[in-house]
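Read through the structure below, which is laid out as structure tokens, and then see the notes.
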Amino acid sequence: MVKRLVARAVLSAFLLSGTALAAQAAGTLKVAVDSNLNTLDPAKMKGGQEYVAAYLLFNGLTAIAADMTLKPDLAERWEHSADLKTWTFFLKKGVKFHSGREMDAEDVLATITRIQDKATGSTARVNFEIVESMKAVDSHTVEFTLKSPYSGFAELFGERQARIVPRDALDTLASNPVGTGPFQFVSFAPGDRMVVKRNPTYFEAGLPKLDEVVIRILPETASQVAALTTGELDLAWNLPPEAVDKVKATSNLKAEAVPTSTWDGVIMNGTTKPFDDVRVRRAVATALDKQAITQIALFGYGTPTHSPIPPSHPYFNKDLPIAKGDPAAAKKMLAEAGYPNGFEVTLYTPAGRATRERLGLAVRELLKPAGITVNVQRVPFDVFLKDIEGKAGFYIDGFFSRPTIDTSVYPWYHSRGSWNAALWNYSNPAMDKLLDGARQASSEEEAKKLYGEVQALAVQDAPGVIPYVINHVNGVSARVQGFTSHPMMFLDLRNVSVGQ
Amino acid sequence: MLLYTLTRLAYLAMVLVVMSILVFLVTQAMPGDVASMIAGQFASKEVIDAITVKLGLDQPLIVQYGRWAAGILQGDLGRSLVLEQPVAPILMEALSRSLVLAVVALAVVTVIGIGAGVLAAVRRGRMADQMVSGVSYLGIAVPDFFWAIVLVLIFGSYLKWLPTGGYAPLADGFVPWASHLVLPVVTLVLMLIARIARLTRSSMIDVLQTNYVKYARAKGLPEKVVIVRHALRNALLPTITVLAIDFGLILGGVVVIETVFSFPGMGRLLLFAIQRHDLPLIQATILIISTAYCLANLAADLLYAFVNPKIRHGMGNA
Amino acid sequence: MTAASPTRAASSRSAPKRWPTSLVLGIALLAPLLVVAVAGPWLAPYPYDEMNIMSRLQPPGPDFWFGTDEYGRDVFSRTLVGTTNSLVMGVAATAISLLVGVPLGLVAGYGRGRTDEIIMRCMDVLMSFPPILLGILVLAVTPPALWKAVVAIGIVYVPQVVRLTRAITLELMQEEFITAARLRGESTAYILFHEILPNIWPPLAVESSLRVVFAILLGAALSFIGMGAQPPSSDWGLMISEARPFVEQAPWIALCPGLAMGITVIGINLLGDGLRAVLDPRNTGGH
């Protein structure tokens, strides 16, 4: 260990001496995202394009690496009590905010307090409801006491919203973000571009390599691809699936793809008719051909799955067959449930999410032969959040990857899960038992077995149909070096440089 | 003329006040709400209520309107709820970009449209005339966004001559700045040129038949001088008023054009605001676009009245 | 044209010797469109919403004359069915403007004074918004749907109809036959409906043909920005909008509905020009 540290120190010293030279060659990276950044305040972020900014400007206490393991970030290490209820994080020393002030334990407390405040409206608030109390042990040590044991607590600090922010600049974060990240804020023109420049005092020596990053907001896919081709752009973040083939076919471009556990789903609200009858839900699930849906919605750039657990994960239940779409069987189930002639239902889709809109139309088409007439209603996203999600009977929704299998599954399928009540109102004591058991599983085998049963039960009870997990693809110019796509869809540019 | 102008301005102010009330009420009636937008997926009712109170959205409508209107009169357009920034600077930046589009497009339309109209009038019934009519028919036959897509296809995808979307600030250099303007401007020009060319043509034809022009020709003046000095000057007046109206139309039309070209102007700002239910931003954007539209129309009326003194003594709303 | 008053009842006008070319051309273009608009769903080789994943983004060929879109739906069938949508939208929206606008214009022009003042001030407020903005404003209040877009477009063009109707009514009020009717002691209703209304139709018909064009284009624009027709319907504006990400791989998805729209708009414009020549000879010489 010591040896490795020394080696790293030597390496970084070497890198450091080379930075001046390298920086010049590295230059500016021009990145496109597909929609506007609503806020630059990490606690309030909700969209993928905003998370791009979050990972350029800020750090968490921990970081989820590209191989999905948990790495130190602002915390150099952490420990927990045997009962998993007391967690202590030891912060790195000498880490400076872009304002020049050193980051300390008080900043961490201020950050979390702010996320917990309801008026902030952070989606990460539910994550930290588990915190009973927290305190600064000294200037660089923070201790959290939890209400109940939780082994995944450190992962929460690698999450998107839990970026550590300076306690003395909380009110101006939305427009003038100050963080500890590899890049510091220069300017933001809503609808047009955000510019960030290299943080010269970044705590990881020798990084970042780029001098400047320009994030351009270009909603039109065709424009993004054209600009990539002509060299006006270097990187198109989260390329829509329909553009991937075109990028692959262009000689100076690469399509960097990585499987994720980001999913879209067909939600069937168990408190509404006719979906309160499990036979109806099962009939819908039976009628849907997941492979076909993956083709229609994602042009094949995704993988059919049972639940949010992706097929790329060891816990994925391989023995369970993927639904192939059997309208005749579905019809029979509907007849048993008292709908021999099918029924008519409105399916709501949020506007502006292309894959979810296509998923909605695919469902409409695939349920036709089963006798279910689906009227697709596209609604603006704010209306969707207010009137549809958790309230309507039948709608399309979707969620980004979560860092662990527990955080990917528990909140949706456990009867007391935080998303459950606001999505499909699913409750099955057997499922609760499996999920609680998995949290305390003593071995990988046991966890794998339990999650295998979770998937089987999720398919059988069908609170919704999760047809696929999405591949995250970045369109990258051949000039760009050192870039890999991250399964959490984060944009990690620390090691990236641009050649000529 | 001064009195007429002042009367019209006073009247415009009244219309704008009523309009602002209408905008305010309509935006209040929109479904969805900003508190749940800010709170995001699965926020509990208390969270949404807390945000509602924080933003003052629980106050009576009249209070909210009063606050808003008073702010506008002091040059404060409010704060964007979603972006958490004052609306005015964002709006001004977007407006300036849209204005660049509008002004350049209008300049091109003026030069080419009038030129084509004159050419068609002078060569009435001949090839040039037919071509101008044909092209102008094409220009208005399909919606502007269709032309936009065709242009993107030709110049962006196949020829790769021009960027097909986005904006480059002038600080990046003149060429990048200008190259991002070309396609949106050409689209706007295609949309507007037909009317200008046809109008110029018909008023030119009328003027060319007047005794005034016949007299100038009889005097033995060269044809060029007759057309430019005598005929065009008189024929242009109706065209100029239409150009003023067109300026207002462009400001409305940018909503669509800016979408196709990912151009960060007023139009996309408005759509963004509507999608995020950012009421102060929606209200301010609509107010500014509509005010500019009204001013352009007023300019057209005033120009027309200036040319045609009969109007001044007639009704206010000519 | 001589100064013969165009305001006499239609029967008294001498029929033109020949139909103007523009009218003939316009009818020639529109007649097949009308057939398609009525019989589109039956003429279409495939249901407009039938997906065929095995043949998505196919170029035009013997199976799919105009190719297929990103869902493998037949672009030709969708364009055909879209004709109905567009024409119905244009005509219905215009009908709404007329239904609301003509009575208001008649009342304003005939009543003058206070009534006129109030109606016209309201129209001024409506006209202080650019048309598409007013459409957006109306539509933003409710979840989008095609019929709502139709109503919104109808409302957008009410002021223009009111102004025209009012102007003609004011002009007619100076005419002898109206004065005569008044002296005869005819009721207001009689004068409005039997004397004025029949004389308003010719210029209004010309105006309406233009309104239909504007309505179709505005409707397409609203659908294009997502506030009009909703997927999976086969509205032209929506089709073009949905085709954007695929425009390079599969330009036919956007070009076909665009072409159809071009034919429709040119057809109606020609028809309008022709109608003007026949019905409203005052304006033929001008622009």
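Could you size up the charge dipole of the protein assembly as shown around its Cα centre, putting +1 on the beta carbon of Lys and Arg and -1 on that of Asp and Glu, and report it in debye to the nearest 20? All intermediate terms of the calculation are to be shown ahead of the outcome.
Details: 96 positive and 90 negative charges, 639 e Å.
Using only the charged Cβ atoms, the result is roughly 3080 debye.
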Check: Setting aside same-chain residues fewer than 8 positions from residue A:92, which aspartates and glutamates have a Cα under 14 Å from its Cα?
Finding: A:73, A:76, A:102, A:104, A:106, A:107, A:138, A:204
Next item on the list: Compute the acute angle (0 to 90°) between the alpha-carbon long axis of helix A:354-367 and the principal axis of greatest extent of the alpha-carbon atoms of chain A; round to the nearest 10°.
Entry: 10 degrees
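Count the net charge of all other residues whose Cβ sits under 10 Å from the Cβ of residue B:262, scoring Lys and Arg as +1 and Asp and Glu as -1. Working shown, then result.
Details: positive: A:216, B:268; negative: A:34, A:192, A:220, B:258.
Net local charge, residue B:262 excluded: -2.
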Notebook entry, point to check: Distance from the Cα centre of segment C:54-87 to that of segment A:329-376, in angstrom?
Noted result: 23 Å
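Calculate the FRET efficiency for residue B:171 and residue A:252 from the Cβ-Cβ distance with a Förster distance of 30 Å, rounded to the nearest 0.05. Can you show the working numbers first?
Working: r = 27 Å, r/R0 = 0.90.
Computed FRET efficiency for residue B:171 and residue A:252 comes out at 0.65.
Grab the eigenvalues of the alpha-carbon gyration tensor for segment A:176-253, scale each by 5, take roots, and send me the semi-axes largest first in whole angstrom.
Ellipsoid half-lengths, sorted descending, are 28, 16, 10 Å.
Once you've got the Cα coordinates, tell me which of A:44/A:85; A:46/A:368; A:71/A:147 are over 30 Å apart.
Working: A:44/A:85 27 Å; A:46/A:368 35 Å; A:71/A:147 25 Å.
Cα-Cα > 30 Å for A:46/A:368; rest within.
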Check: Excluding same-chain residues fewer than 8 positions from residue A:318, which aspartates and glutamates have a Cα within less than 17 Å of its Cα?
Finding: A:444, A:445, A:446, A:453
Check: Can you sort A:296, B:112 so the residue with the fewest Cβ neighbours within 10 Å comes first?
Finding: B:112, A:296
Checklist line | Label-point separation, residue C:179 to residue C:63 (7 Å along Cα→Cβ), nm | finding: 7.6 nm
Notebook entry, point to check: Roughly how tilted is helix B:61-73, in degrees to the nearest 10 and between 0 and 90, from the longest Cα axis of chain B?
Noted result: 50 degrees
Checklist line | Between helix C:252-279 and chain C: long-axis angle, C-alpha atoms, 0 to 90°, nearest 10 | finding: 20 degrees
Check: What's the exposure ranking of B:294, C:122, C:256, going from fewest to most Cβ atoms within 10 Å?
Finding: C:122, B:294, C:256
Margin query: Using Cβ counts within 10 Å as a stand-in for footprinting exposure, how do B:195, A:416, B:97, A:439 rank, fewest first?
Written below: A:416, A:439, B:195, B:97
Check: Relative contact order for chain A using alpha-carbon pairs under 8 Å, separation at least 6, rounded to a whole percent?
Finding: 20 percent
Item checked: Rounded to whole Hz, the Karplus (6.51, -1.76, 1.60) HN-Hα couplings of segment C:148-156, x for glycine and proline -> 5, 4, 4, 4, 4, 5, x, 5, 4
Next item on the list: Take peptide C:209-222, look around each residue's Cβ out to 10 angstrom, count Cβ atoms belonging to other protein chains, and average those counts.
Entry: 2
Checklist line | P(r) of segment A:315-438 over all Cα-Cα pairs, binned every 5 Å from zero, in whole percent | finding: 2, 10, 14, 15, 19, 20, 15, 5, 0
Notebook entry, point to check: At each listed q (0.11, 0.15 Å⁻¹), what is the log10 of I(q)/I(0) that the Debye formula gives for chain C modelled as equal alpha-carbon point scatterers?
Noted result: -0.73, -1.12
Note to self: Considering only C-alpha atoms, what is the centroid distance from segment B:161-186 to segment A:158-204, in Å?
What the structure shows: 28 Å
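For B:78-90, what's the mean count of beta carbons from other chains sitting within 10 Å of each residue's beta carbon? Walk me through the intermediate numbers first.
On the way: counts 0, 0, 4, 1, 7, 10, 10, 8, 1, 0, 0, 3, 5.
Mean inter-chain Cβ contacts per residue within 10 Å come to 4.
Other chains' Cβ within 10 Å of A:52-58 residues: what's the mean? All intermediate terms of the calculation are to be shown ahead of the outcome.
Values: counts 0, 0, 0, 0, 0, 0, 0.
Across A:52-58, the average partner-chain Cβ count within 10 Å equals 0.
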Notebook entry, point to check: Which order do peptides A:188-200, C:49-61 fall in by mean Cβ count within 10 Å, highest first?
Noted result: A:188-200, C:49-61
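Which number do you get for Rg(Cα) / (2.2 N^0.38 Å) in the protein assembly as shown? Walk me through the numbers before you get to the answer.
Working: Rg = 32.4 Å, N = 1105, 2.2 N^0.38 = 31.5 Å.
Cα Rg divided by the expected 2.2 N^0.38 Å: 1.03.
Averaging sequence separations of C-alpha pairs under 8 Å and six or more residues apart, then dividing by the length of chain B, give the relative contact order as a whole percent.
Working: 348 pairs, mean separation 78.8, N = 318.
Result for chain B is 25 percent.
What 222 nm value per residue comes from the helices of chain B, counting each DSSP H run with n ≥ 4 as -39,500 (n - 2.57) and dividing by all residues, nearest 500 deg cm²/dmol? If you can, show how the numbers build up before the last one.
On the way: 13 runs with 221 residues, N = 318.
Dividing the helical sum by the residues of chain B leaves -23500 deg cm²/dmol.
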Next item on the list: Calculate the spin-label point distance for residue A:86 paired with residue A:432, positioning each point 7 Å from the Cα along the beta-carbon direction, and give it in nanometres.
Entry: 3.1 nm
Check: When you take every Cα atom in segment B:88-317, what is the radius of gyration, and what is Dmax, the widest Cα pair distance, in Å?
Finding: 20.1, 67
Next item on the list: Could I have the simple spin-label model distance between residue B:63 and residue B:229, label points 7 Å from Cα toward Cβ, reported in nm to one decimal?
Entry: 7.1 nm
Notebook entry, point to check: Relative to a virtual label point 7 Å from the Cα of residue A:272 in the Cα→beta-carbon direction, which members of segment A:393-408 show backbone nitrogen distances below 20 Å?
Noted result: A:393-399
Notebook entry, point to check: Which of the lysines could a cross-linker bridge to residue B:214, judged by Cα under 28 Å and excluding same-chain residues fewer than eight apart?
Noted result: B:224, B:310
Margin query: On the principal axes of its Cα set, how long, how wide and how thick is segment B:46-102? Give whole Å, largest value first.
Written below: 44, 25, 15
Next item on the list: Any chance you could list P(r) for chain A, counting all Cα-Cα pairs in 10 angstrom bins from zero, rounded to whole %?
Entry: 4, 18, 28, 26, 17, 6, 1, 0
Check: What FRET efficiency would be calculated for the residue pair residue B:214, residue C:100, taking the C-beta separation as r and a Förster radius of 30 Å, to the nearest 0.05?
Finding: 0.05
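Any read-out appearing in this document is the output of simple, stated calculations on the displayed coordinates, not a laboratory observation. These numbers were taken from a predicted model, which means no experiment stands behind them. Because the Cβ atoms are built from the backbone with ideal geometry, glycine has one as well, and the counts that use them run over all protein chains shown.
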